[in-house]
Each structure stands twice: as structure tokens, then as C-alpha cells.
Amino acid sequence: MRILEELERIASHRLEGNSPVALCYDDEELSWLELSSYSDRLAVFLDRTYPGDRQAIVVYGHKSPWMVVAFLACMKSGHAYCPVDSYYPTQRVLRIVETVANPCVLMIEPLALDESYKPLSLTEIKKLVNFSSDRAPFNAASLTKSGESAHCSTVDRLCPLRDDETCYMIFTSGSTGDPKGVQISGSNLWSFTKWISDLVRSSPHSPFTNDYQTQIRCLNQAPFSFDLSAMDLYLALISGGTVCSIPRHVIDDPKQLFNALFSLNLDVWVSTPSFVDLCLTERDFDETHLPGLKIFLFCGETLTNRSYDKLQQRFPHADIYNTYGPTETTVAVTEVLVTPEISATEQPLPVGKAKPGTRICIMDGGGGLTATPVAEGGAVAASVAVAAASCEGEIIIAGDSVSLAGYFKKPEQTARAFFELNLDGQTYHAYHTGDLGYLKGEQLYYQGRMDSQIKLHGYRIELGDIERNLLQLPGVEHAAVLPSYRRGQIHSLTAYVQCVQFAPDKVTPDLTSLNDPALDEAKLAQLLREDLAQLLPDYMLPRKVVFVSDWPMTENGKLDRKRLEGLV
Amino acid sequence: MNENKGTSDTQAAQILKILAEICEDDSVMTDRKVDLFKENLLDSLSVTELLVELDDQLGIYISPAEIEREQIRTPELLLQFVEARSKR
């Protein structure tokens with residue numbers, strides 16, 4: 001697999017002498033030497049224990065460096081990895097583990113699984129790879145000589161993933177309430193990684209100097225179960241740099257967050273626009289306090305002019321990129337270097353032009369297509385006329401970033417979303433994004449969704465997913481979830497719920513052990529949210545719950561969402 | 001002094017209006033003792049939004065690193081906290 005070969009190549013330059021840090025998280029660090037050796041050893045173990053097996057493996061945990069050890073070990077031993085964040089509610093985690101249906105689970109954080117599974121705990125993993133917590137002074141010789149020679153031959157005999165096989169699988173919100181596993185192949189990941197690394201290298205304020213020895217430090221804000229994290233992870237790894245992960249408990253505590261940000265010596269920032277908005281509330285968040293920070297890469301939601309302008313004032317000498325792409329097409333497929341001129345004239349900001357190997361098309365209502373020209377090496381060939389401004393329509397993404405295998409064990413959904421597209425005599429693998437947008441020249445503009453999928457603080461959420469889970473709660477008869485907007489952006493979610501025999505003073509006994517007459521709507525809403533939190537990750541929880549006694553219907557018997565909104 | 005009192009009254013009203021917008025609930029303008037976190041009217045994300053609005057609309061800057069939940073647990077406490085800040 002190309003990406004593994006490239007990682008091996010860069011790692012070989014990082015193993016000698018005092019091996020630099022590859023991954024840092026809180027007060028934990030793993031050097032390149034450790035990452036490389038430990039993932040080799042774990043791969044050998046997986047290969048010996050499950051010879052010939054090529055099933056995906058769930059890697060459960062948060063942002064520990066050992067997550068990445070596990071990811072590489074999976075790929076090196078011929079398994080796709082499926083990252084699941086430990087902040088997810090247990091029920092959702094278990095559903096994913098059941099769907100993947102591999103008895104082998106790598107538990108970087110503890111998880112209670114029944115006897116049908118053969119999970120490996122972090123303690124066991126550390127034992128398997130001869131991890132020594134005694135790192136002062138770190139004994140590199142033990143890894144490279146005695147340790148390495150013992151299993152060198154077996155590492156050579158490993159059968160790593162091929163480029164056409166799935167290398168990672170990320171579960172996203174599904175409209176039926178069932179998360180969908182998006183399968184990304186080795187060639188998908190390589191195409192993405194090469195592009196993002198070339199982009200940063202050729203950026204006007206690139207942190208890379210001429211020699212390839214520069215070690216960039218990248219911010220990792222998103223959990224590994226959110227594919228935005230693949231942007232910082234693979235950008236840092238492919239350039240032999242350092243992934244600087246900020247744990248969730250630090251993100252949640254501004255004091256710790258800014259201490260961490262100001263001390264990490266970051267070169268490249270990768271986050272959702274919402275996260276940078278949070279950081280901009282601190283006035284010291286500027287180039288004086290983060291002098292090394294030269295590149296900002298945003299993905300997950302559209303960067304607003306307001307956020308850009310603020311950020312540009314704080315970091316006038318940094319390059320700020322807006323990018324766009326769904327999980328199904330490998331993290332991101334368009335980029336634009338936003339400038340003050342662009343921000344002054346374009347509202348909303350464009351999400352950019354297609355990466356090499358990818359073509360963006362707009363499908364209008366009649367099925368007509370407007371496509372971007374073929375990009376060659378990042379530049380548009382001079383002979384190809386740039387597409388004229390298109391009308392609004394569905395964004396279609398075609399090319400080498402589009403998931404080869406589609407959704408895990410969901411052939412019907414895969415067949416609906418993925419298709420073969422013929423453009424100028426060439427056949428491309430293509431994906432129906434369900435996103436609305438238009439093209440102006442080669443620049444793509446994002447306008448929203450065609451369905452009830454939304455982006456809240458960068459997280460992709462199917463409103464139907466929340467609704468189905470609400471309906472699972474005892475006593476809930478009808479449920480609808482609607483976004484509420486501020487300044488044209490989704491600000492929070494409101495759940496509208498009709499309960500069986502609901503009355504504020506006589507609550508359905510199913511919902512809770514309610515002998516409490518003082519239980520009013522506010523309390524009930526609180527209980528409902530707590531119940532829902534057992535089923536859904538917290539970013540999907542509605543902030544408000546409104547109880548509805550008369551469920552409003554339209555004339556043809558559909559839920560009248562407009563009238564629901566009017567109830568508040 | 002009288003003039004100051006007048007300003008801070010209007011300011012209090014403005015702060016409450018911003019709070020109500022962020023909480024999406026007008027009751028916080030009248031019920032000044034409500035526990036904003038317990039009642040799920042505020043969470044860490046919306047506290048950030050609140051700080052942005054206070055800065056943008058009223059020019060009151062509070063660093064997110066120096067604010068504790070206890071200091072803004074109710075609308076009343078929030079008003080006291082902001083008032084103490086703007087006197088400095």
C-alpha cells in the first residue's frame with residue numbers, strides 16, 4: 001500500500017539518534033521509533049493470531065498515541081481500522097462493534113464486551129509490544145537491536161493492505177438511526193494525503209523549508225472517529241512531523257485549552273471553523289502568542305466571512321484555507337486559499353477548486369451536468385476552457401477520492417449514492433453528495449443540504465437519526481428535530497416530542513419512576529435528554545425539548561414542520 | 001453616579017437580551033435565579049457564544065480562560081460578574 005510505503009520511508013529518516021516525537025497527547029508522547037516498532041510488533045501479533053484474516057478491526061479509545069499505533073498495526077497486518085471514540089455512548093459503540101462483527105477489538109480505553117469478543121486491552125497491547133514506561137533515558141538500542149531482530153523476519157512476511165482494500169472505516173450518522181460505515185481505500189487515502197501535503201508544502205507561508213528535514217507540528221482537534229482528524233494525522237505523519245492531540249477534557253476547559261495551545265508550538269492548524277470561533281474569544285489567540293502558526297486548514301463546515309476576517313486580523317501572516325468534502329470522498333476534495341480580497345467580495349466564501357484526480361459536477365434538476373475541467377498536477381490545463389457559472393444543483397464528486405467500497409454491509413444505500421460517471425469519454429467513480437451548490441469558474445460554492453442532514457459545529461448529523469432514537473425512548477409517540485439558526489448558521493437543535501398521554505401533571509410512568517408530582521415539563525425535558533444521551537453522542541443532543549400535545553399534520557398527512565416551529 | 005446607574009441599567013437589560021438570545025428562552029430575562037447550566041439553558045459551547053456577543057455588541061471582553069461556571073450560574077450572577085468586570 002502506497003501510504004504505508006511512504007510512511008516507512010519517512011520513518012526510516014526518523015529512527016536514528018534521538019528519535020523525534022511522532023505523537024503527543026497531554027503528557028504522553030511516542031517517538032517515531034516507538035510508533036514504528038510498536039505498530040510492527042502489534043501487526044505481527046495480529047497476523048499470527050488471525051492468519052489470513054482481513055476483516056476490519058474496531059479501535060476504541062480517544063486520542064491516545066496508542067490509537068495511532070493500533071491504526072498502523074491494522075494496516076500493516078492487512079486489516080482496515082475502524083476508530084470509535086470513547087466519548088460515544090456505550091450503546092452506539094456496541095452497535096458499531098456488532099456491525100463490524102470482528103471478535104478482535106483493540107481497546108485503547110476499557111469497554112465492556114460479552115464473551116463472544118476477544119478484545120485486547122491497552123495493558124495487553126503494551127505487554128505484547130514490550131513497551132517500557134521507563135523512558136528516561138529512552139533505550140533505543142533495545143528496540144532496534146535485540147527487540148527488532150527477534151521478529152524482523154516476521155515483519156517482512158506480513159501481508160499489509162493493498163491499495164484497493166479498505167484501510168479505514170468511519171461510521172457517520174445515518175438517517176434511519178443506524179450509523180453507516182464509510183469504507184475508504186488505501187488509494188483514496190493516498191490521493192488525499194499527497195494532495196494535502198503538497199498543498200501545505202507549496203503554500204506561500206509554508207512551514208517547510210527547502211530540506212525535507214523540517215518537522216511540522218499539527219493540531220489534532222477532532223476525535224479519530226471524525227474523519228477531519230485524518231487531515232492532521234496523515235499530513236503530520238507523511239511529512240515526518242508531530243501530531244499534537246488535544247484531549248476532550250482540555251478542550252472543554254478554556255484555561256487548560258489555551259495553556260495547551262500556547263505551549264504546543266504549532267505550525268499547522270486543522271479544525272472545524274466552530275473550534276476556531278471558540279479560540280477567537282480569547283484575545284491572546286494571535287500570532288504574537290502562536291508565532292509558528294502559518295497554516296490554517298478548515299473543514300467540516302463552511303468557513304464564514306466573519307470568522308475568516310477575525311482570524312485574518314489576528315494572524316495576518318498565515319495562510320487560511322477553506323476546504324470541503326464529505327466522509328465518502330475521503331476527508332476533503334476542494335481547497336481555496338482565502339484572501340482579504342476574496343472575503344470582501346464573496347459571501348459566502350467559496351469552498352474551493354477540486355484537488356487533482358477529482359472532478360466536481362453540478363447536477364441540475366433535469367439531470368444535466370456542469371463539470372470542472374480535469375486538473376493536472378493542481379493546475380488547470382491551459383487548453384481546457386473553464387466551466388461557465390453553473391446553476392444551483394446537487395454537488396457530484398467524481399474521481400480517485402470517492403470511496404471504492406461504499407457503505408459497509410449496506411449494498412442498497414451504496415448503490416443509491418455511488419455510481420459510474422462518464423465525463424469527456426472517461427469513466428469516473430462518483431458520489432451523490434446530497435449537498436447543494438454551484439460552480440463559478442473552477443470554484444465551488446456550498447449552499448446546504450437537499451435532505452435533513454445538517455452540520456452542527458462541524459459534525460455531520462442526520463436529523464432522522466436523532467428522531468429515530470427519540471422514538472426508541474419509552475413513552476415517546478412522535479418526535480421531530482429541527483435546527484434553530486443564528487446569523488444564518490445552525491446554532492442548536494430543538495426536539496419536538498409528543499408523549500403518550502402527556503400532561504404536565506400526569507406523566508407517563510414509562511419515562512421514569514415518576515411518583516413525583518413536582519415533575520414539570522422542564523424536568524421531563526431534562527430526563528428525556530439524559531435518556532437520549534445514553535443513545536447518542538453529545539454533539540447530537542437537542543439543546544431544547546418542546547412538548548407538543550397536538551401533533552401538527554399537513555393536509556396530506558405529513559408532519560407540518562413549519563407549524564411545529566411556530567409553537568415555540 | 002446617577003448617570004452611571006442609568007447606563008448600567010440599560011446595560012443589564014442588554015446583557016439579559018443577549019442571554020435570552022443565546023439560551024433561546026426569554027424566561028431568563030425575568031427569572032433571574034434560574035440555574036442556567038442545570039436547566040440546560042447554557043453549556044460550554046453557548047458560554048463561548050455569550051462571550052462573543054458581549055464583546056461584539058457591548059464591547060465587554062471576558063477571556064474564556066478566566067470565567068468559572070459558578071460565576072455565571074444564574075442570570076443574576078452573570079449580571080454581577082459582568083458589572084464587576086466593566087468597572088475595572
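The values are calculated or read from the model by the stated rules, or taken from the named source; none is laboratory data. This structure is a prediction, so every number in the text was calculated from the model and none was measured. With ideal geometry, Cβ positions are generated from the backbone for all residues, glycine too; neighbour counts draw on all protein chains shown. Quick note on the areas: whole protein, heavy atoms, side chains included, nothing else; ligands and nucleic acids left out. Shrake-Rupley method; radii C 1.70, N 1.55, O 1.52, S 1.80 Å.
Assuming R0 = 41 Å, can you tell me the calculated FRET efficiency for the pair residue A:159 and residue A:309, based on Cβ-Cβ distance, to the nearest 0.05? Don't skip to the answer; put the middle values down first.
Values: r = 52 Å, r/R0 = 1.26.
It comes out at approximately 0.20.
Counting partner chain Cβ atoms within 10 Å of every residue's Cβ in B:49-55, what's the average?
Working: counts 6, 1, 4, 6, 1, 1, 3.
Across the residues of B:49-55, the mean count of other-chain Cβ atoms within 10 Å is 3.
Among DSSP beta bridges lying fully in chain A, give the percent that are antiparallel, nearest 5.
65
Quick check: net charge around residue A:181, other residues with Cβ under 9 Å of its Cβ, Lys/Arg +1 and Asp/Glu -1? Mind dumping the intermediate values first?
On the way: positive: A:180, A:409, A:410; negative: none.
Here the count lands on +3.
What is the mean number of Cβ atoms from other protein chains located within 10 Å of the Cβ atom of each residue in peptide A:245-254, rounded to a whole number?
Values: counts 0, 0, 0, 0, 0, 0, 1, 3, 3, 9.
That average works out to 2.
How big is the dipole moment of the protein assembly as shown about its Cα centre under a simple scheme where the beta carbon of each Lys and Arg is +1, that of each Asp and Glu is -1, and everything else is neutral? Debye, nearest 20, please.
Values: 60 positive and 90 negative charges, 153 e Å.
The dipole of the protein assembly as shown has a size of about 740 debye.
Residue A:118: which aspartates and glutamates have alpha carbons under 20 Å from its alpha carbon, excluding same-chain residues fewer than 8 sequence positions away?
List returned: A:47, A:53, A:85, A:98, A:109.
Could you work out the Kirkwood radius for chain B, taking every pair of different alpha carbons, averaging 1/r and inverting it, reported in Å? Don't skip to the answer; put the middle values down first.
Numbers: mean 1/r = 0.0769 Å⁻¹.
Taking the inverse mean of 1/r over all distinct Cα pairs, chain B comes out at 13.0 Å.
Roughly how far apart, in whole Å, are the Cα centres of the stretch A:8-32 and the stretch A:159-199?
For the stretch A:8-32 versus the stretch A:159-199, the Cα centre distance is 24 Å.
Specify which residue in the list A:66, A:492, A:261 is farthest towards the positive end of the charge dipole of the protein assembly as shown, using unit charges on the beta carbon of Lys, Arg (+1) and Asp, Glu (-1), about the Cα centre.
Farthest towards the positive pole: A:66.
Over what distance in Å are the Cα centres of the stretch B:58-88 and the stretch A:79-123 separated?
Their Cα centres are 43 Å away from one another.
Let's test the formula: R0 of 30 Å, r as the Cβ-Cβ distance of residue A:118 and residue A:27. What FRET efficiency results, to the nearest 0.05? Kindly include the intermediate steps, with their values, before the conclusion.
On the way: r = 31 Å, r/R0 = 1.04.
After rounding, the FRET efficiency stands at 0.45.
How much length, in nm to one decimal, is gained on full extension between residue A:347 and residue A:559, taken as 0.36 nm per residue of separation minus their Cα-Cα distance?
Numbers: separation 212, 0.36 × 212 = 76.32 nm, distance 3.34 nm.
Using 0.36 nm per residue and subtracting the Cα-Cα distance, I get 73.0 nm.
Label point 7 Å out from residue A:539 along Cα-to-Cβ: which residues of the stretch A:439-474 have amide N under 19 Å?
Answer for this model: A:448-449, A:452-467, A:469.
Computed on alpha carbon atoms, what radius of gyration and Dmax characterise the stretch A:2-345, expressed in Å?
19.8, 63
Once you put a point 7 Å from the Cα of residue A:447 and another 7 Å from the Cα of residue A:13, both along the Cβ direction, what distance in nm separates them?
4.6
Using the Karplus curve 6.51 cos²θ - 1.76 cosθ + 1.60 with θ = phi - 60°, what ³J(HN,Hα) values do you get for each residue of the stretch A:291-296, in whole Hz, with x for Gly and Pro?
x, x, 6, 10, 10, 10
Around residue A:235, what is the net charge, scoring Lys/Arg as +1 and Asp/Glu as -1 over all other residues with Cβ under 15 Å from its Cβ?
On the way: positive: A:194, A:201, A:217, A:294, A:355; negative: A:6, A:198, A:227, A:232, A:267, A:319, A:335.
Cβ neighbours under 15 Å give a net charge of -2.
Given A:57, A:308, A:177, which one lies farthest toward the positive end of the charge dipole of the stretch A:2-345, if we put +1 on the Cβ of every Lys and Arg and -1 on the Cβ of every Asp and Glu?
Towards the positive end, the residue furthest out is A:57.
Toward the positive end of the charge dipole of chain A, about the Cα centre and with charges on Cβ (Lys, Arg +1; Asp, Glu -1), which of A:398, A:469, A:20 goes farthest?
Selected residue: A:20.
Out of every Cα-Cα pair in the protein assembly as shown, what percent are more than 50 Å apart? Mind showing how you got there, number by number?
Numbers: 28367 of 214840 pairs.
Here the tail beyond 50 Å accounts for 13 percent of pairs.
Report the label-to-label distance for residue A:485 and residue A:392 in nanometres (one decimal), using points 7 Å from each Cα along the Cα→Cβ vector.
With each label placed 7 Å out from Cα toward Cβ, I get 1.1 nm.
In straight Cα distance, which aspartates and glutamates are under 17 Å from residue A:562, not counting same-chain residues fewer than 8 positions off?
A:451, A:467, A:550
Residue-wise, which Karplus ³J(HN,Hα) couplings in Hz belong to the stretch A:452-462, taking 6.51 cos²θ - 1.76 cosθ + 1.60, θ = phi - 60°, and x for glycine or proline?
9, 7, 10, 10, 10, 6, x, 8, 8, 9, 8
For the stretch A:275-303, list whatever residues lose no less than 10 Å² of accessible surface once every protein chain is in place, relative to that chain by itself, with the probe at 1.4 Å.
Buried by 10 Å² or more upon assembly, which counts only protein chains, are A:278, A:281, A:282, A:283.
Check residue A:423: other-chain or 5+ apart residues with amide H under 5 Å from its amide H, H built from backbone geometry?
Residues meeting the amide H criterion: A:428.
Using a 10 Å cut-off around each Cβ of peptide B:20-29, what is the average number of partner chain Cβ atoms that fall inside? Could the numbers behind the result be given before it?
Details: counts 0, 2, 3, 3, 8, 3, 0, 1, 0, 0.
Average per residue, whole number: 2.
For the stretch A:339-349, just list the computed ³J(HN,Hα) in residue order, Karplus coefficients 6.51, -1.76 and 1.60, θ = phi - 60°, integers in Hz, with x standing in for Gly and Pro.
10, x, 5, 4, 5, 6, 10, 10, 9, x, 5
Less than 10 Å Cβ to Cβ from residue B:33, Lys/Arg counted +1 and Asp/Glu -1: what total charge do the surrounding residues give?
On the way: positive: B:32, B:73; negative: B:31, B:35, B:76.
Cβ neighbours under 10 Å give a net charge of -1.
At a 1.4 Å probe, what is the % contribution of carbon and sulfur to the accessible area of chain A?
Numbers: 11470 of 22950 Å².
For chain A, the apolar C and S fraction of the accessible surface comes to 50 percent.
Using a probe radius of 1.4 Å on protein heavy atoms only, what is the accessible area buried between chains B and A, both sides summed, to the nearest 100 Å²?
Numbers: alone 5770 and 23960 Å², together 27680 Å².
Counting protein atoms only, the buried area is about 2000 Å².
Please list, ordered by chain and number, the residues whose modelled amide H lies under 5 Å from the amide H of residue A:166; skip anything fewer than 5 residues away on the same chain.
none
What does the accessible area per residue of the protein assembly as shown come to in Å², with a 1.4 Å probe and no ligands, DNA or RNA counted?
Accessible area per residue, the protein assembly as shown: 42 Å².
What number, rounded to the nearest 500 deg cm²/dmol, is the helix-based mean residue ellipticity at 222 nm of chain A, given -39500 (n - 2.57) per DSSP H run of at least four residues and division by all its residues?
Details: 17 runs with 169 residues, N = 568.
Mean residue ellipticity at 222 nm (helix-derived): -8500 deg cm²/dmol.
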